[in-house]
Number of protein chains: 2
Amino acid sequence: MKARVHVSLKAGVLDPQGKAIAHALTSLGFTGIGDVRQGKLIEIALSGEDPVRARAEVEEMCKKLLANPVIENYAIELLP
Amino acid sequence: MKARVHVSLKAGVLDPQGKAIAHALTSLGFTGIGDVRQGKLIEIALSGEDPVRARAEVEEMCKKLLANPVIENYAIELLP
C-alpha cells in the first residue's frame, strides 16, 4: 500500500518560494499568472494492508514529522 | 482557473531527502515504512478560462522552469 501526502502552506502564510516561481514565470514571458504556492508531495510505501490503520498511521506521521500544523495543511491519499 | 503540478523524481533517481524522511519515521517508532520519495507540489492561479490552452501553457512552464525533465516526472491537474 502507498500513501501520498500533500503538504501545502495555509492560506495567508507568506510563500516566498511561490512568489519566486511566479516572478520567474512572468520573466519567461508567461502571462496571466496569479498567485503561485509551492508545497511538498511525499510518497510513502507502507507494508500494512488495512487502509483504516494506514490512514491513522500516516495522520500521526504528518502531525509528528511531515507537516507543521501551525502553518501547513496536509491531505492524505491512499493508493492500493 | 487553477493548475496543480506534481513534480516527482523519476524511478531510479536517488532521493536523499526521501531517505532522510524514511529514516526519521523509523526513528520515531513507525514500522513497516518502505521507500519514501519527496516531490514538489506547485499550485498556479491562471487568468485564462480555456482548459486546453491552459494545459498547453502549464506543460510549457514545466519544461522551461518547474521540472527538470532529465530526472523528474510531472503531472498536471486542472481545477476549475
**Prompt:** Just checking, how many residues over the stretch A:7-18 are in a loop (DSSP other than H, G, I, E, B) and either open to solvent by 70 Å² or more (accessible area, probe 1.4 Å) or touching a residue at least 60 places away in the same chain (Cβ under 8 Å) (or both)?
**Reply:** 4
**Request:** Kindly indicate whether residue A:6 is at negative phi and more than 9 Å from chain B (Cβ to nearest Cβ).
**Result:** no
**Asked** Among the residues of the stretch A:61-76, is there at least one that is among the aromatic types (Phe, Trp, Tyr), surrounded by 13 or more Cβ atoms within 10 Å (Cβ to Cβ) and either in contact with a Pro (Cβ under 7 Å, 6 or more places away or on another chain) or at the interface with another protein chain (Cβ under 8 Å from one of its Cβ atoms) (or both)?
**Response** no
**Prompt:** Which of the residues spanning the stretch B:19-51 are in a helix (DSSP H, G or I) and modelled with pLDDT of 95 or more?
**Reply:** B:19, B:20, B:21, B:22, B:23, B:24, B:25, B:26, B:27
**Message:** Checking residue A:4 against (1) farther than 14 Å from residue B:3 by Cβ; (2) of a type outside the set (A, V, I, L, M, F, W, C); (3) open to solvent by 30 Å² or more (accessible area, probe 1.4 Å); (4) free of Cβ contacts under 8 Å to residues at least 24 places away in the same chain: exactly one of these is not met. Which one?
**Reply:** (4)
**Asked** When you look at residue A:35, is it under 14 Å from the mean Cα position of the chain (by Cα) and without any contact (Cβ under 8 Å) to a residue 60 or more places away in the chain, yes or no?
**Response** no
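The values are calculated or read from the model by the stated rules, or taken from the named source; none is laboratory data. In this text, all values refer to a predicted model and were calculated from it rather than measured experimentally. Reconstructed Cβ throughout: ideal geometry from the backbone, glycine too, with neighbour counts over all protein chains shown. Note: areas computed on protein heavy atoms with side chains; ligands, DNA, RNA excluded. Shrake-Rupley method; radii C 1.70, N 1.55, O 1.52, S 1.80 Å.
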